[in-house]
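Student: Attaching a single structure in structure tokens format; questions to follow.
The values are calculated or read from the model by the stated rules, or taken from the named source; none is laboratory data. Bear in mind that the values here come from a model prediction, so they are computed numbers and not experimental data. Cβ placement follows ideal geometry from the backbone for every residue including glycine, while neighbour counts extend to all protein chains displayed.
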Amino acid sequence: MKFHTLSLAIAAAFALSAPTAFAQDADASTTSMETTATSDTGAHKRISVVAGYGILKPKSDAFGDDPKRGLKGGGLPTASVAYHVTDNIAVEAWGALDKSEHKVVGSGIGGQVEAQPYGISGQYHFGQPGQAIRPYVGLGYYQANISEEKDLNGQHFGMSSPKGAMGTVGADFNINDRWFTRAEARYMDGKSDVTRAGQKVGEAQLDPWMVGVGVGARF
């Protein structure tokens, strides 16, 4: 790889320019540098984990044509684990560690629901492992658990689990070969049936966006 070649070239130049009296020490140092370069480069780290926090915001008109009838956004902690098949292609399992609370707002309605999404996707990371900023895109499938549905009067209503396609765009900001920070946005396409006493009374086209940040490590 180019990174290995450059490292070996620098080590060799250092050894050749060292004083003759320290030739043996220089050779030992060169060998150590080669071993470190081979083991530490991010190209050989195939597992990455990220802990983060995001804001999940469903459509403002999720419950109909009125743009004021919908769900307010809510925050939630997230985590992901990815296996990097190559330096550019990865498979990621992602999910919320807790539920986000969403207020139901609109004319004549009110209440709250809680959501906890999770999913799996394939990712493409642009550039090379050693560069400072690595943007990426992803496409996959998600599902969200919906719970604690209550209207303005505290009466329970039901919402089925939304599920569908999930798209991701983001970037990793490398601190060193192991640690990095992340900023990303996810779009989740999904709708939910609204029920009362087991009977469908409507439909919510949720289609939430999630914007978040995180800290990650490679192994």
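Student: I'm trying to understand the selection: among the residues of segment 145-169, which are small (Gly, Ala, Ser) and at negative phi? Write out each step before concluding.
Tutor: First, the residues of segment 145-169 that are small (Gly, Ala, Ser): 147, 154, 158, 160-161, 164-165, 167.
Matches in segment 145-169: Ser147, Gly158, Ser160, Ser161, Ala165, Gly167.
Student: Is there any pair with a first residue in segment 204-219 that is touching a residue at least 40 places away in the same chain (Cβ under 8 Å) and a second that is assigned to a strand (DSSP E or B) and acidic (Asp, Glu) whose Cβ atoms are under 9 Å apart and which are 6 or more apart or on different chains, and what are they?
Tutor: Within 9 Å, the pairs are Ala204/Asp193; Met210/Glu184; Val211/Glu184; Gly212/Glu184; Val213/Glu184; Gly214/Glu184; Gly216/Asp172.
Student: How about segment 199-212: which of its residues are surrounded by 14 or more Cβ atoms within 10 Å (Cβ to Cβ) and among the aliphatic types (A, V, I, L, M)?
Tutor: In the first step, residues of segment 199-212 are kept if they are surrounded by 14 or more Cβ atoms within 10 Å (Cβ to Cβ); the result is 203-212.
Passing the criteria: Ala204, Leu206, Met210, Val211.
Student: While we're looking at this one, here's another question. Of the residues in segment 160-182, how many are out of contact with any Lys or Arg (no Cβ under 8 Å at 6 or more places or on another chain) and in contact (Cβ under 8 Å) with a residue 40 or more places away in the chain?
Tutor: 1
Student: On to the next question. Let me confirm something: among Val194, Val169, Val215, which residue is within 18 Å of Gly70 (Cα to Cα) and among the β-branched types (Val, Ile, Thr)?
Tutor: One residue alone meets the criteria, Val194.
Student: Additional query: State whether the residues of segment 184-192 include one that is outside any strand (DSSP E or B), modelled with pLDDT of 95 or more and loosely packed, with under 14 Cβ neighbours inside 10 Å.
Tutor: no
Student: Output the residues belonging to segment 88-135 that are charged (D, E, K, R), surrounded by fewer than 18 Cβ atoms within 10 Å (Cβ to Cβ) and more than 22 Å from Lys163 (Cβ to Cβ).
Tutor: Lys103 - this is the single residue of segment 88-135 that is charged (D, E, K, R), surrounded by fewer than 18 Cβ atoms within 10 Å (Cβ to Cβ) and more than 22 Å from Lys163 (Cβ to Cβ).
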